[in-house]
Protein chains: 2
Amino acid sequence: MKVSELFTRTSKTAPADEVAKNAQLLIRAGFVYKVMAGVYAYTPLGLKVLENIKQIVREEMNAVHGQEIIMSSLQRKETWEGTGRWDDEVVDVWFKSKLKDDTEVGFGWSHEEAIMEMMQQFVKSYKDLPTSVYQFQTKLRNELRAKSGIMRGREFVMKDMYSLHATEEDMDAYYEGVIKAYKRCYERFGIGASTFVTFASGGAFTKFSHEFQTICDAGEDILYVNDEQTVAVNEEVLDDAAAELGIDKASLQPVKSAEVGNIFKFGTSKSEQMGITYMDKDGVQKPIYLASYGIGITRVMGVIVEKFADERGIVWPESIAPAKVYLVSIGAQGSEVADALYDELTSRGVEVLYDDRDARPGEKFADGELMGIPYTLTVSDRLVEAGKYELKARATGEVNLLTRDELFASISTS
Amino acid sequence: MKVSELFTRTSKTAPADEVAKNAQLLIRAGFVYKVMAGVYAYTPLGLKVLENIKQIVREEMNAVHGQEIIMSSLQRKETWEGTGRWDDEVVDVWFKSKLKDDTEVGFGWSHEEAIMEMMQQFVKSYKDLPTSVYQFQTKLRNELRAKSGIMRGREFVMKDMYSLHATEEDMDAYYEGVIKAYKRCYERFGIGASTFVTFASGGAFTKFSHEFQTICDAGEDILYVNDEQTVAVNEEVLDDAAAELGIDKASLQPVKSAEVGNIFKFGTSKSEQMGITYMDKDGVQKPIYLASYGIGITRVMGVIVEKFADERGIVWPESIAPAKVYLVSIGAQGSEVADALYDELTSRGVEVLYDDRDARPGEKFADGELMGIPYTLTVSDRLVEAGKYELKARATGEVNLLTRDELFASISTS
């Protein structure tokens, strides 16, 4: 991509009503556009980051034999009435509307009931179990307030997976496998070391659910972590979980954190509510065990912005950055060399955002840093004369003057 | 993919209320699941077809320098009031709802106004033009009736692109380029020879728009085509278009067709309504020229099913099929060879749907044909003994007995 061809522009200011740092920076850098409070469009750079996050999650869900599908946003009232979740008193985030014949419809804020209703058509026998399906769905939630930027929106992208099992043991074993898959996701996003599987409230169905919490000042949760960072507990269940684990809660230190995933065992509760069964080997109809697994894709993007950003802007981990290299040309000779370098790097599969604009060097450097591209590669007249390339790492600020061979070795291995 | 691992099942029957052949076949083959009238979920096989279609369109839109974005489903009332299109009397397909504070919101049935409102933030000067953006968006339309399966739904995926220009000449030139890009899309979908650029009604803004119409018995339009197939005109504008083109309308023959794309020059009308201008070289603010370009992704999928299906089921063109080869194993020795062949073909990048089920051969063949996979590859005990592989083409029924070398040569080149 060439910066001169992008329709977006960086900006020194964000909308006055935007209080969240993630949204302020993403808007200023030209990654998202605010449609209304809690509703954002994703421009080419923002969409690239989203797709990179989705692809990592897709690979890890496929690795645990998840099958990708896409459900609908439009939801039937009948689908949700059986479990009592159509009622606005029970679920207060529904957007609803009506068909022309006055039939009420809802817009998917979640998809457990819809997925189970569909799976019921296909899963009849113990031979059809276990099975696991997932989707990347645009969820619509009528949130009262929306002040956290893309961390909590009225419209957002979530990966939700559902696994169906004949027995509790099978569900438990699969659930443990998904915990490992989730850990690999956070590792690959670049937030593995600061993300913890935590005990959280289980709601009506089970004593605890598991959340994945990332240490982050912008988080709305408080996590209690031990010195060895082997145990993490959500504040809301601190007493219960400490008792369950047999640990002294004084040994746990509080830290601010943001939820980046939530997994949950329904057991047979949802199937029993919905009357969803399978025929077991013994010829008896039995309720299906269900577990669900969510990662807020747009939320993860927001948390990563909040966590790594510095006073100069966003800092993307390499795995999800919209490009690996921000190429800056300075001067006539520099531009000529940069043009050729851009073509060569691109043909070698290195993703480059080339700032080919007729702009001041300082403006180019500032934009590359605001956009958070992992490496700024500078080609100026002076550097060309010296036969060198300047490579600066966004996260550390480390600068290296490299020969051409060193540059290619560095970029393809880093 | 292995058929034994897919959660979907083929079925001999479709829902009784489903009258459209495309939906009947797609449901029976396990490609889509009906949520309600006009609303479908896409299972792994169906999603694969959709993604294949999207990827072709993405490549062609990128080739004309379209920049991919994703807008929101939620729409502000104010965005659409300026052009009079918030009014249900004017646009009768809105789904609308309300935020908690009673603010009215709509769900995107189209995105011209939303995109132009966004572009206004970035496009300020003649230097920022031309520019072109597109998205693959889930559109929601409150259709009175929904009886055409995935050809016309209440929820569907559309690629919509919008190009912005400083002058009419520039818009016209770009528009011609997009016509060529669209032709390449239909060519690559496998419907190029039967798809025509046609004159259609232009609505309020221009005398004609252009539709892309594919000859198809299930189509809801009538197309008038000359013998040389160089001129195609929609029935609704037959008299006007014949006069404009200076041809005798008796020279045109009627044929049933389905719309698979629509492109349209707004000129400056939309910008004038919305007050969207750019600063020209002469320092004067001028309205921006706009053209829009739509392809219904799910619709194209439905039209292709309708057009090519035969009494045995779906017939996918190779470019969009969910797999190239349907591998059928028969017998113990056949299964052993098929297992190894599956691994080898997959590792060579050939997409294979492997029917490894313990089922009758006739059932496997019937499912492969119902699913429309381009080639059925059979490995039976008898064939193994003879050192042969049977390859049958879905579209033509042609059967070839091949040696191993011939098989690999055939599959990698066909």
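The values are calculated or read from the model by the stated rules, or taken from the named source; none is laboratory data. Computed from a prediction, not measured in an experiment: that's the story for all the values here. Neighbour counts are summed over all protein chains in view; Cβ atoms, including those assigned to glycine, are modelled from backbone coordinates with ideal geometry.
Restricting attention to segment B:395-414, which residues are of a type in the set (V, I, T) and either part of a helix (DSSP H, G or I) or not assigned by TED's automatic domain parsing to the domain that holds B:S329 (or both)? Before you say what the answer is, go through the steps one by one.
Step one: filter segment B:395-414 for residues of a type in the set (V, I, T), giving B:396, B:399, B:403, B:411, B:413.
If the condition is that a residue be of a type in the set (V, I, T) and either part of a helix (DSSP H, G or I) or not assigned by TED's automatic domain parsing to the domain that holds B:S329 (or both), then B:I411, B:T413 are the ones that fit.
Of the conditions (1) assigned to a helix (DSSP H, G or I); (2) in contact (Cβ under 8 Å) with a residue 40 or more places away in the chain; (3) more than 9 Å from every other protein chain (Cβ to nearest Cβ), A:E18 fails just one. Which one is it?
Every condition holds for A:E18 apart from (1).
Scan segment A:243-290 for residues that are surrounded by 13 or more Cβ atoms within 10 Å (Cβ to Cβ) and within 16 Å of A:H165 (Cα to Cα) and report the count.
Adding up the residues that qualify gives 21.
For B:E18, all conditions in the list (1) at pLDDT below 95; (2) surrounded by fewer than 17 Cβ atoms within 10 Å (Cβ to Cβ); (3) among the charged types (D, E, K, R) hold save one; what is the number of the exception?
If we test B:E18 against (1) at pLDDT below 95; (2) surrounded by fewer than 17 Cβ atoms within 10 Å (Cβ to Cβ); (3) among the charged types (D, E, K, R), just (2) comes out false.
Of everything in segment A:322-372, what is of a type in the set (G, A, S) and touching a strand residue (DSSP E or B) at 6+ places or on another chain (Cβ under 9 Å)? Give them in sequence order. It would help to see each step written out before you state the result.
Taking segment A:322-372 first, the residues of a type in the set (G, A, S) are A:323, A:329, A:331-332, A:334-335, A:338, A:340, A:347, A:349, A:359, A:362, A:366, A:368, A:372.
Across segment A:322-372, the qualifying residues are A:A323, A:S329, A:G331, A:G334, A:S335, A:A338, A:A366, A:G368, A:G372.
Could you list, in sequence order, all residues of segment A:387-413 that are loosely packed, with under 13 Cβ neighbours inside 10 Å and under 17 Å from A:F308 (Cβ atoms)?
A:T396, A:G397, A:E398, listed by residue number.
Would you pick out the residues in segment B:307-346 that are in a strand (DSSP E or B) and of a type in the set (V, I, T)?
Of all residues in segment B:307-346, those in a strand (DSSP E or B) come to B:310, B:313, B:325-330.
B:V325, B:V328, B:I330 - these are the residues of segment B:307-346 that are in a strand (DSSP E or B) and of a type in the set (V, I, T).
Which condition breaks for A:V57 when tested against (1) within 27 Å of B:T131 (Cα to Cα); (2) out of contact with any Ser or Thr (no Cβ under 6 Å at 6 or more places or on another chain)?
(1) is the only condition that A:V57 fails.
Which count do you get for residues in segment A:339-358 that are among the small types (G, A, S) and either crowded, with 21+ Cβ neighbours inside 10 Å or at pLDDT 95 or above (or both)?
Kept after step one, since they are among the small types (G, A, S), are these residues of segment A:339-358: A:340, A:347, A:349.
Filter once more, so that each one left must be either crowded, with 21+ Cβ neighbours inside 10 Å or at pLDDT 95 or above (or both): A:340.
Of the residues in segment A:339-358, 1 are among the small types (G, A, S) and either crowded, with 21+ Cβ neighbours inside 10 Å or at pLDDT 95 or above (or both).
Let me confirm something: among B:S125, B:S73, which residue is under 25 Å from A:A114 (Cα atoms), in the same structural domain as B:S11 (by TED's automatic domain parsing) and among the small types (G, A, S)? First the steps, then the outcome.
Numbers: B:S125 fails: under 25 Å from A:A114 (Cα atoms).
Answer to the check: B:S73.
Taking A:A332 as the residue in question, decide whether it is touching a residue at least 24 places away in the same chain (Cβ under 8 Å), surrounded by fewer than 16 Cβ atoms within 10 Å (Cβ to Cβ) and of a type in the set (A, V, I, L, M).
Details: touching a residue at least 24 places away in the same chain (Cβ under 8 Å): yes; surrounded by fewer than 16 Cβ atoms within 10 Å (Cβ to Cβ): yes; of a type in the set (A, V, I, L, M): yes.
The answer is yes for A:A332.
Among the basic types (K, R) and assigned to a helix (DSSP H, G or I): is that true of A:K392 in this structure?
Working: among the basic types (K, R): yes; assigned to a helix (DSSP H, G or I): no.
Judged against the criteria, A:K392 is not a match.
For segment B:112-141, which residues satisfy the criterion of being more than 10 Å from chain A (Cβ to nearest Cβ) and closer than 11 Å to B:M274 by Cβ?
B:E112, B:E113, B:M116, B:Q120 - these are the residues of segment B:112-141 that are more than 10 Å from chain A (Cβ to nearest Cβ) and closer than 11 Å to B:M274 by Cβ.
With respect to the numbered conditions (1) at pLDDT below 95; (2) farther than 28 Å from B:I288 by Cβ; (3) over 18 Å from the mean Cα position of the chain (by Cα), which one is the sole condition not fulfilled by B:L99?
Here B:L99 clears every test but (1).
Restricting to segment B:63-93, name every residue that is more than 30 Å from B:R184 (Cβ to Cβ) and touching a Leu at 6+ places or on another chain (Cβ under 9 Å).
Once the filter is applied, which keeps residues that are more than 30 Å from B:R184 (Cβ to Cβ) and touching a Leu at 6+ places or on another chain (Cβ under 9 Å), segment B:63-93 yields B:L74, B:D92, B:V93.
Counting only residues that are away from chain B (no Cβ under 12 Å) and crowded, with 20+ Cβ neighbours inside 10 Å, how many does segment A:62-91 have?
Just the residues of segment A:62-91 that are away from chain B (no Cβ under 12 Å), to begin with: A:63-64, A:80-87, A:89-91.
Imposing the further condition that a residue be crowded, with 20+ Cβ neighbours inside 10 Å reduces the set to A:80, A:86.
Total satisfying the criteria: 2.
Would you confirm, using the coordinates I've provided, whether B:T83 is outside any helix (DSSP H, G or I), touching a residue at least 60 places away in the same chain (Cβ under 8 Å), farther than 24 Å from A:Y126 by Cα and β-branched (V, I, T)? Steps first, answer last, please.
On the way: outside any helix (DSSP H, G or I): yes; touching a residue at least 60 places away in the same chain (Cβ under 8 Å): yes; farther than 24 Å from A:Y126 by Cα: yes; β-branched (V, I, T): yes.
Yes: the conditions hold for B:T83.
When only residues in segment A:21-57 that are within 9 Å of chain B (Cβ to nearest Cβ) and among the β-branched types (V, I, T) count, which is surrounded by the most Cβ atoms within 10 Å (Cβ to Cβ)?
Selected residue: A:T43.
Are any residues in segment A:129-139 closer than 18 Å to A:N262 by Cα and either more than 16 Å from the chain's Cα centre (by Cα) or modelled with pLDDT under 95 (or both), and if so, which ones?
Just the residues of segment A:129-139 that are closer than 18 Å to A:N262 by Cα, to begin with: A:132-139.
Across segment A:129-139, the qualifying residues are A:S132, A:V133.
Take the residues in segment B:92-108 that are of a type in the set (A, V, I, L, M) and in contact with a strand residue (DSSP E or B) (Cβ under 8 Å, 6 or more places away or on another chain), then tell me which one is surrounded by the fewest Cβ atoms within 10 Å (Cβ to Cβ). Let's see the steps before the verdict.
From segment B:92-108, those of a type in the set (A, V, I, L, M) are B:93, B:99, B:105; that's our starting set.
Retained after the next criterion (residues that are in contact with a strand residue (DSSP E or B) (Cβ under 8 Å, 6 or more places away or on another chain)): B:99, B:105.
Numbers: B:L99: 18, B:V105: 21.
Ranking the qualifying residues of segment B:92-108, first place goes to B:L99.
So which residues in segment A:227-277 are among the hydroxyl-bearing types (S, T, Y), within 30 Å of A:Q121 (Cβ to Cβ) and touching a strand residue (DSSP E or B) at 6+ places or on another chain (Cβ under 6 Å)? Spell out how you get there, then give the answer.
As a first pass, look at segment A:227-277 and keep what is among the hydroxyl-bearing types (S, T, Y): A:230, A:251, A:257, A:268-269, A:271, A:277.
After this cut, where a residue has to be within 30 Å of A:Q121 (Cβ to Cβ) as well, the list is A:268-269, A:271, A:277.
Listed by number, the residues that qualify are A:T268, A:S271, A:T277.
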